[in-house]
Amino acid sequence: MEKLKLNETPIRTARNFNINNIKLENIDIPEHVSEFNNIKITKNVQEITTNNYDLTYGVGDVLIDQIKNNSNKNLKIVIDKKENEDILIEFNFDEDNRNLIDNIEIIANKGTSATIIIKYKSKAFLNCYHNGIIKTKAYQNSKIKIVLVNLLSTISNNFVSIENELEENSKVNYTIVDFGGKNSITNYYSNLVGDYSENTVNTIYLGKENQLFDLNYITELRGKSSNVNMEIQGALKEHAVKHFKGTIDFKKGSKKAKGNENEFCMLLSDKAKSLGLPMLLCSEEDVEGNHASSAGKIGEKELFYIMSRGFELKEAMKLLVRAKFNKILENIDNEELKNEILYEINNRLD
C-alpha cells in the first residue's frame, strides 16, 4: 500500500522540522472486518447501526472514511442524570477479535455529569488493528470525565480521532494513557464555543522497542473566559520515537480566555527520539497563553540518590518514571484501573 500521510498540523511549519504530518508505510488496513464480540459494556451504552458525522480534523481521510463505511462497533452514550454516572467500555482483543473499527458518540445533556472509561487491551504478542472515533458534545453546565486507556501490544496499530464541542460553562476532562501500538497515532480536537467552558487534557505515554507515537492536540477557544489546559508526560526507551504537536488557537470572541500546554519527555535511552511543536495562535485581544515542550535524560543525581537507598538501576528508573506519571494518574478514581496501569508501567519498563 502507498504511504499514509496522517495527522496534519493546522498550521504548517518549516519542512526541516519533519513534524507537519506523519507518513507510514506498509500499514495493513483491513478491508473486511468481522463483528467484534469481546467487549464489556456497563449501563447506559447503546449499540446502534452507525454514527455518521464529519470531523473537523481527525487522523486522516482514509482512516475516517474506513470508520464511516466499515465500522464493526458503533456506540452511543447519552448522559441524562445530574448525579455522576460511572460508565465502562472495555475492548479485549484476542485471536478471534483482532480488528476493531469503532465509532463512539457521547452526548452530555444540560447539567449532567459522568465518568466514562474506555479501555483497549490485548495480549503482549497479538498483532491487532484499531481505528476509532470518540466524539463528545457537552451541553450547558455538563461535566464529563473521560479516561482513555491504550494497553495494546507493541506490534499493533492504533489510530484514534477525538473531537469535543463544549457549550457554556461545560467541562470536559480527558485522561489519556497511551502505551500500546507499534504506531499509535492520536488526533485530539476541542472546540470551546461556550463562555466559561473548560477542557483539560492529561496524558501519559510510554514507548519502548520501535514504537512510534504521534500526538496532534488542537484546541480552539471561542467562548469568553474559556479555558484549556494540556499536561503531557512521557517516557521513551530503546528506539522509541514520539512527535508531539500542541496547538492552542484563540479565536475571535474569546476575550479573557486562558490556554496552557506543557509536554515533557524522559529519554531512557540514547537512541530514543522526541520531537515537540507547541504552538499558540491568536486573533483576539486580552487572552493568556503559555506553552512548553522539552525532553531530557534522567538526572544522574536523582538516580544516584535512589540507588544509594539500595535500589538497582532498573528499579530506580521505574520509580522516577512513576513519580512523573503519578500526578496525572491521580485523575483516575478507579483504583483497580489505576493499579492495572501501574502494573503495565513496571512491565513495559522491564
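The values are calculated or read from the model by the stated rules, or taken from the named source; none is laboratory data. Bear in mind the structure is a predicted one, so any value in this text is a computation, not a measurement. Please note: Cβ atoms are built from the backbone with ideal geometry, for glycine as well, and neighbour counts cover all protein chains shown.
Here are the numbers:
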quantity: Residue list for the range 229-254, restricted to those being closer than 14 Å to C282 by Cα and of a type in the set (A, V, I, L, M, F, W, C); calculated: I248, F250
quantity: Pair list, Cβ < 8 Å and 6+ apart or interchain, from the range 19-31 residues that are closer than 23 Å to L275 by Cα to residues that are among the hydroxyl-bearing types (S, T, Y) and surrounded by 11 or more Cβ atoms within 10 Å (Cβ to Cβ); calculated: I19/T9; I19/T13; N20/T9; N20/T13; N21/T9
quantity: Residue within the range 76-91 that is within 26 Å of I345 (Cβ to Cβ), part of a loop (DSSP other than H, G, I, E, B), of a type outside the set (A, V, I, L, M, F, W, C) and touching a residue at least 24 places away in the same chain (Cβ under 8 Å) present; calculated: no
quantity: Residue match in the range 157-164 (condition: touching a Lys or Arg at 6+ places or on another chain (Cβ under 7 Å), in contact (Cβ under 8 Å) with a residue 60 or more places away in the chain and charged (D, E, K, R)); calculated: yes
quantity: Identity of the residue in the range 40-82, touching an Asp or Glu at 6+ places or on another chain (Cβ under 8 Å) and within 12 Å of I106 (Cα to Cα), that ends up surrounded by the most Cβ atoms within 10 Å (Cβ to Cβ); calculated: I79
quantity: Whichever residue in the range 288-335 is more than 25 Å from K145 (Cβ to Cβ) and of a type in the set (K, R) and, among such residues, is modelled with the highest pLDDT; calculated: K318
quantity: One residue from N339, N326, N290 being among the polar types (S, T, N, Q) and touching a strand residue (DSSP E or B) at 6+ places or on another chain (Cβ under 8 Å); calculated: N290
quantity: Total residues in the range 280-292, condition assigned to a strand (DSSP E or B) and either among the acidic types (D, E) or under 15 Å from I218 (Cβ atoms) (or both); calculated: 6
quantity: Any chance S156 is crowded, with 24+ Cβ neighbours inside 10 Å and modelled with pLDDT of 95 or more; calculated: no
quantity: Matching residues, the range 181-191, being without any contact (Cβ under 8 Å) to a residue 60 or more places away in the chain and part of a strand (DSSP E or B); calculated: S184, Y188, S190
quantity: Counted residues, the range 202-233 - those being basic (K, R) and under 11 Å from N191 (Cα atoms); calculated: 1
quantity: Pairs with Cβ under 8 Å, 6+ apart, first in the range 337-350 and under 20 Å from L267 (Cβ atoms), second in a helix (DSSP H, G or I) and at pLDDT 95 or above; calculated: I345/F325
quantity: Residues of the range 211-232 satisfying the condition of being out of contact with any Phe, Trp or Tyr (no Cβ under 6 Å at 6 or more places or on another chain) and in contact (Cβ under 8 Å) with a residue 40 or more places away in the chain; calculated: Q211, L212, D214, N216, T219, G223, S226, E231
quantity: Members of the range 293-318 found to be part of a helix (DSSP H, G or I) and surrounded by fewer than 17 Cβ atoms within 10 Å (Cβ to Cβ), listed by number; calculated: E300, K301, E302, F304, Y305, M307, L313, K314, E315
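Here is a yes/no grid of residues against (1) part of a strand (DSSP E or B); (2) at pLDDT 95 or above:
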{"site": "M230", "(1), (2)": "yes, yes"}
{"site": "H239", "(1), (2)": "no, yes"}
{"site": "N262", "(1), (2)": "yes, yes"}
{"site": "S269", "(1), (2)": "no, no"}
{"site": "P278", "(1), (2)": "yes, no"}
